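Read the structure below first, then the notes.
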Amino acid sequence: MSGQGFIERAMNQNRAVLLSLLALLVAGIAVYLRMPKEFYPDVEVPLVNVRLVHFGISPEDAERLLVRPVEQELRSLEGVKQLSSLAYQDGANLVVEFDAGRNTDQSLADVRAKVDMARSKLPADSEEPVVVAATMAEQQPILVLNVIGTAPERTLTQLARRLRDRIEAVPGVLRVNLTGAREELLEITVDPRLLESYGLSQAEVLQLVQRNNRVVAAGSLQGAQGSFPVKIPAVIEDASDLLNLPVKATGDRLVRLADIASVRRTFKDAANFSRINGEQAIALEVVQRGSSNVLRTALTVKDVIAEQQRAFPTGAGIVISTDRSNEIVDQSNELQSHILSAVILVVILIVATLGMRNAVLVAVSIPGSFLAGVLVLSMLGMTMNMVTMFALIISVGIVVDGAIIVVEFADRKMAEGMAPREAYANAARRMFWPVVCSIGATLVAFVPLAFWPGSIGKMMMYMPVTLVAVLAASIVMALLYVPVMGAVFGGGGGAHDASERHNLAIAESGDLEGLTGLTGRYYRFLRWALRRPGRVALSVCGLLLAIFVLFGLFSPGVDMMPRTDPTYISVDVRARGDLSPLEKDALVRSAEARLAGMPDVKYHYAKTGAGGGGTAMGQTDQVGSIQLIMVHWRDRRNSVDALVEEARRRLANLP
């Protein structure tokens with residue numbers, strides 16, 4: 001079907017076209033409300049982390065027994081850009097960096113296969129290796145919860161573990177990191193005199209407990225009446241199982257463990273600590289699953305927290321110290337207000353130049369193009385984030401170009417006496433290629449950005465994809481929906497006064513000397529410039545040179561991302577030497593004490609040891625960290641730079 005025939009058919013079926021526009025707007029709004037929203041795009045970084053754990057192993061032995069066998073297997077992988085490793089007390093960490101653009105799932109599968117091949121070369125009592133891919137969504141938890149109170153430690157630990165299990169069942173949650181909770185155990189205290197009287201040794205008692213605390217796969221019993229699973233109670237579940245454990249039989253007398261030892265419930269020695277505002281706490285860091293809806297996940301987690309908190313005993317409670325969903329909501333609302341401000345300014349300009357009725361026709365193309373672009377982003381599996389919002393702000397003044405061309409031409413024809421239907425149909429036909437070429441030229445300028453390599457390119461890809469989708473939709477709006485709406489709702493032409501009719505007549509005749517008003521002044525300036533091409537070219541070159549010189553003299557520098565005020569200040573506590581967990585915690589406590597009472601700080605969230613140290617990040621001298629979580633930026637009395645300087649001043653000369 002030719003373009004002319006398509007436009008005529010659209011004019012004849014204007015109700016169907018307007019109904020499709022209404023459906024587009026409704027579908028776009030519904031998709032936008034349900035679309036996953038996040039601060040930055042979730043980009044898969046070409047890094048795979050391998051964590052090896054062997055409790056009690058020294059850094060030297062970890063390098064020899066853990067790192068080397070795995071490194072030998074990983075070196076044979078294709079597409080590896082860099083392989084780095086770090087051995088430390090109780091384990092080692094390897095980071096495999098692949099070439100940009102390599103499929104992350106395939107890279108993860110290849111690394112897991114190589115680690116499985118090296119598993120037989122690792123010590124038998126090593127923990128199972130953990131292989132994970134790095135994504136931006138997993139770098140920071142979306143929520144940090146703190147279980148605090150005056151209840152006993154065992155009660156708080158049980159409440160925190162129960163809460164963790166419930167939160168991990170939420171679909172959008174990848175995992176929940178637990179910090180500050182000690183692992184429970186049963187401690188056996190053997191009486192050496194009783195042990196000697198029965199002729200037993202400590203090694204025999206240890207082997208006896210180990211042999212009676214293992215899972216036995218007994219299979220099933222097949223019979224004529226069916227298959228019956230066989231279960232052997234071989235796992236110690238409570239203290240009574242240990243106390244009733246037979247140790248030795250002498251004649252008709254059976255010696256049990258209760259006859260030679262006592263058993264009590266206790267905890268492992270603390271390896272990590274967490275505190276909120278100086279109060280001991282058990283922290284739960286909720287990490288979202290990649291590409292999940294952050295706002296919906298956070299809301300579901302908060303519902304789980306409220307439900308669980310109602311069942312908490314007196315003396316126990318939950319404090320949410322970090323909530324990234326609030327940051328995303330604030331940022332999204334702020335960007336939406338910027339988009340709305342830009343739309344209002346564009347509409348005001350159009351009203352001033354084209355009149356109210358034509359401005360309404362042109363303005364409809366803005367939400368139509370935006371919502372059509374949102375539908376495309378949703379179909380591509382993308383999220384709404386800061387990059388896509390910026391792309392929408394950039395496109396506000398561009399999406400109306402095609403509609404302005406069509407409406408202005410139709411308005412001119414109606415001023416000459418043409419009927420609205422015929423005028424808009426003629427405008428769509430005559431302005432088809434000008435609209436396509438003008439918007440298409442802008443559109444193709446952003447296409448190369450979609451092929452920007454590397455992790456930054458994957459994150460910035462959201463901008464060209466959004467712009468291409470929105471600008472392509474604006475072509476359809478300008479050549480289909482705007483002409484149909486103009487034919488149905490358009491009135492007479494906008495050129496009603498004598499001056500406008502005079503200029504239109506002169507423009508049609510081709511003799512532009514008699515143009516009046518702003519158009520006449522522009523024509524005379526353009527004629528003056530065309531008669532002095534050398535002077536104009538020299539002026540343009542001088543202006544261009546002046547711009548480069550002034551930018552070089554007064555430029556504040558170049559940043560990859562615009563600097564924004566953070567919501568928290570991170571303080572890393574580092575020390576060298578073989579420090580015990582209590583010594584590490586003492587250093588963190590001393591730093592906490594100096595930072596207490598800082599202005600504009602709502603929470604002090606401190607971590608020591610595992611989760612607070614830096615072994616996973618390659619910083620073995622980091623013993624803990626403190627996050628100074630600030631109040632909302634509207635309530636701050638000091639700038640972030642001033643708060644950072646205040647923190648540095650307080651921590652100066654820390655012993």
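Considering only Cα atoms, the convex hull volume of the chain works out to 288 Å³ per residue.
Taking the C-alpha atoms only, the angle from helix 581-595 to the longest principal axis of the chain is near 40 degrees. Seen through its C-alpha gyration tensor, with square-root eigenvalues sorted a ≥ b ≥ c, segment 61-204 comes out oblate because a/c lies at 1.5 or above while a/b is not bigger than b/c.
In sequence order, segment 541-554 has phi-based couplings of 5, x, 5, 4, 5, 5, 4, 5, 5, 5, 5, x, 7, 10 Hz under the Karplus curve 6.51 cos²θ - 1.76 cosθ + 1.60, θ = phi - 60°, and Gly or Pro positions carry x. In plain terms, the chain from residue 455 to residue 654 could stretch by 67.8 nm, reckoned as 0.36 nm per residue minus the Cα-Cα distance.
Taking DSSP loops as anything outside H, G, I, E and B, show the longest stretch in the chain free of GluC sites (Glu not before Pro) there with at most 12 other beta carbons within 10 Å. Value returned for the longest uninterrupted segment is 238-655. Between residue 416 and residue 512, the distance separating the two model label sites (each 7 Å from Cα on the Cα→Cβ line) works out to 1.8 nm. Scaling the Cα radius of gyration of segment 153-279 by the globular reference 2.2 N^0.38 Å produces a ratio of 1.49.
In a DSSP loop and with at most 15 other Cβ atoms within 10 Å, there are no chymotrypsin sites (Phe, Trp or Tyr not before Pro) in segment 368-473. Shape annotation for segment 365-445: C-alpha extents along the principal axes are 48, 23, 19 Å, from largest to smallest.
Close amide H partners of residue 173, meaning residues 5 or more places away or on another chain with modelled amide H under 5 Å apart, are 289. Potential lengthening of the chain between residue 22 and residue 58 amounts to 6.1 nm, from the contour at 0.36 nm per residue minus the alpha-carbon distance. Placing unit charges on the Cβ atoms of the charged side chains and taking the dipole of the chain about its Cα centre, the candidate lying farthest along the positive direction among 622, 542, 133 is 542. Coupling constants for segment 318-329 follow from the phi torsions by the Karplus curve (6.51 cos²θ - 1.76 cosθ + 1.60, θ = phi - 60°), and in residue order they are 10, 10, 8, 8, 10, 9, 5, 5, 5, 4, 5, 5 Hz; glycine and proline get x.
Its Cα gyration tensor gives segment 240-370 an equivalent ellipsoid. The semi-axes, each the square root of 5 times an eigenvalue, are 68, 16, 12 Å from largest down.
Karplus-derived 3J(HN,Hα) values for segment 124-132, using 6.51 cos²θ - 1.76 cosθ + 1.60 with θ = phi - 60°, are 5, 8, 6, 5, 5, x, 10, 10, 9 Hz; glycine and proline are entered as x. Annotation for residue 345 and residue 526: the two label points, set 7 Å from Cα along the Cα-Cβ direction, are 2.6 nm apart. A convex hull fitted around the alpha carbon atoms of segment 323-467 yields 116 Å³ per residue. Stretching residue 565 away from residue 213 to a fully extended chain increases their span by 121.3 nm, per 0.36 nm per residue minus the current alpha-carbon distance.
Which trypsin sites (Lys or Arg not before Pro) does segment 261-337 hold that lie in a coil by DSSP with at most 10 other beta carbons within 10 Å? In loop regions of segment 261-337 (DSSP not H, G, I, E or B), the sparsely surrounded trypsin sites (Lys or Arg not before Pro) are 268.
Be a star and scan segment 412-448 for residues whose amide nitrogen sits under 16 Å from the point 7 Å along the Cα-to-Cβ vector of residue 8. Under cut-off, by backbone N: 421-430. Here each label is just a point 7 Å from Cα along the line to Cβ, and for residue 329 and residue 353 those points are 4.0 nm apart.
Read-outs: derived from the displayed coordinates by stated rules, not from any lab. Computed from a prediction, not measured in an experiment: that's the story for all the values here. Cβ sites come from the backbone with ideal geometry, for glycine too, and all protein chains shown count toward neighbours.
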